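First up is the structure itself, then whatever we jot down about it.
The values are calculated or read from the model by the stated rules, or taken from the named source; none is laboratory data. Being a predicted model, the structure only gives us computed values, none of them experimental. In this analysis, Cβ positions are derived from the backbone assuming ideal geometry, glycine residues included, and neighbour counts consider all displayed protein chains. Quick note on the areas: whole protein, heavy atoms, side chains included, nothing else; ligands and nucleic acids left out. Shrake-Rupley method; radii C 1.70, N 1.55, O 1.52, S 1.80 Å.
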Amino acid sequence: MAPQEETAAPAPAAHNVLKNVDGADIVLAADFGTAGRPSATFTELVAQLSSPFTFWETMPPPHGEEAGMSAAQHVERWIRDVEKSGRTVRAVIGFCSGSVYAAALVEELARRQEKPGLILIDPDLAERHMVIGHYERFMTARLSSVLPAHEVEAAVRAGHDADESAATALELAAELGKLCLRILPDACERGGMTGERSQELAEIFTSYLHWLAAGSELDARRVWREATAVNSRSEGFGLDAFPEEERAGLVARVVDFDLPHLELMRTPEVAALVDGLLQTEQPAEGSLS
């Protein structure tokens with residue numbers, strides 16, 4: 001009888017596979033990664049790592065499915081992939097506001113296996129004011145070059161009206177998403193972008209608003225106390241975004257780099273640190289700076 005070929009493990013439904021090592025432990029990367037963004041991505045970081053692990057990056061649900069999804073539902077969706085794989089998660093790495101989801105993943109995984117390590121890269125919370133803030137900045141940047149000033153102002157004003165009437169962050173994200181999908185494709189087409197690409201841009205940003213709004217439901221600080229934080233020198237990013245009196249006990253260990261926020265995950269020195277952290281136990285307590 002001819003030997004049977006092994007069936008390859010199915011690709012995870014809710015993650016982007018950045019690197020696969022057959023049978024190896026998984027490292028989860030929590031971020032809302034999009035191509036073309038100015039800040040470095042986990043794709044760039046993982047390409048520099050020598051750690052012998054599989055790396056998965058969390059993905060948002062397909063457009064249209066994110067409406068009303070709670071933070072717990074996002075985390076449950078990602079956990080299902082891990083359970084189906086049958087593998088152990090070695091560590092979770094969070095970038096920026098993805099750090100709140102990283103903490104939630106660690107907490108949920110600790111109910112199923114030995115608690116994974118937690119690494120935070122320029123960690124930030126996810127809060128309601130960020131949802132309207134990102135909307136205003138994004139719409140102003142995208143619309144100012146293609147629409148007259150009064151139309152840009154009207155789009156921004158409509159967002160603030162939604163903020164005043166929405167009872168929750170998720171309701172706000174839903175209303176802002178409707179505005180994006182109504183205003184952005186037409187404006188981009190007027191600026192020369194194809195209809196398909198402009199619609200895709202609006203859908204991606206709408207998905208991001210929902211992801212950020214859901215993240216505002218999470219209280220990550222308790223789990224962060226056991227994490228190592230990689231901190232940039234950019235003002236207003238990472239630990240610098242927190243009041244000075246909160247920083248001392250926010251994480252277990254801080255490693256500062258004289259690098260801008262945008263460059264952290266594409267820098268060899270940061271990659272070397274992450275490699276080392278992944279292959280050693282994470283500190284459980286204490287604070288270094």
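Arrange the residues Leu278, Leu259 by how much accessible surface each exposes, largest first, with a 1.4 angstrom probe.
Ranked list, largest accessible area first: Leu259, Leu278.
Give the long-range amide H neighbours of Phe95: residues separated by 5 or more places, or on another chain, with amide H under 5 Å away, using H modelled in the peptide plane at 1.01 Å from N.
Ala30, Ile121
Run the simple label-point estimate for Lys84 and Asp275 please: 7 Å along Cα→C-beta, distance reported in nm.
Each label point lies 7 Å from its Cα, and together they span 3.3 nm.
Counting other Cβ atoms within 10 Å, which GluC sites (Glu not before Pro) in segment 111-193 have at most 13 and lie in a DSSP loop?
Counting only loop positions with at most 13 other Cβ atoms within 10 Å, the GluC sites (Glu not before Pro) in segment 111-193 are Glu114.
Using only the alpha-carbon atoms, how far is helix 268-278 inclined from the longest principal axis of the chain? Give it as 0 to 90 degrees, nearest 10.
Taking the Cα atoms of the chain, the angle to 268-278 is about 50 degrees.
Per the helix-only calculation at 222 nm, which mean residue ellipticity applies to the chain, given -39500 (n - 2.57) for every DSSP H run of n ≥ 4 and division by its residues, nearest 500 deg cm²/dmol?
Counting only the DSSP helices, I get -14000 deg cm²/dmol.
Could you please state, rounded to a whole Å, how far the C-alpha centre of segment 91-113 is from the C-alpha centre of segment 185-243?
17 Å
Relative to the longest principal Cα axis of the chain, at what angle does helix 128-143 sit, 0 to 90 degrees, rounded to 10?
60 degrees
For Lys19, what residues show an amide H to amide H distance below 5 Å, using hydrogens built from the backbone and excluding near sequence neighbours?
It is Phe55, by chain and number.
What residue among Ser234, Ser85, Ser165 shows peak mean-square fluctuation when the chain is described by a Gaussian network model with Cα springs under 10 Å?
Greatest mean-square fluctuation among the candidates belongs to Ser165.
Is the shape of segment 131-206 best called rounded, prolate or oblate, per the rule: a/c under 1.5 gives rounded, else a/b larger than b/c gives prolate, else oblate, with a ≥ b ≥ c the square roots of the Cα gyration tensor eigenvalues?
Here segment 131-206 falls in the oblate category.
So between Glu171 and Arg37, what do we pick up on full extension, going 0.36 nm a residue minus the alpha carbon distance?
45.6 nm is the gain from fully extending Glu171 to Arg37.
Accessible area, 1.4 Å probe, largest first: how do Lys178, Lys19 sort?
Order by accessible area, largest first: Lys178, Lys19.
Pull out a ≥ b ≥ c, the square roots of the eigenvalues of the alpha-carbon gyration tensor of segment 24-103, then state rounded if a/c is under 1.5, prolate if not and a/b is larger than b/c, and oblate in the remaining case.
oblate
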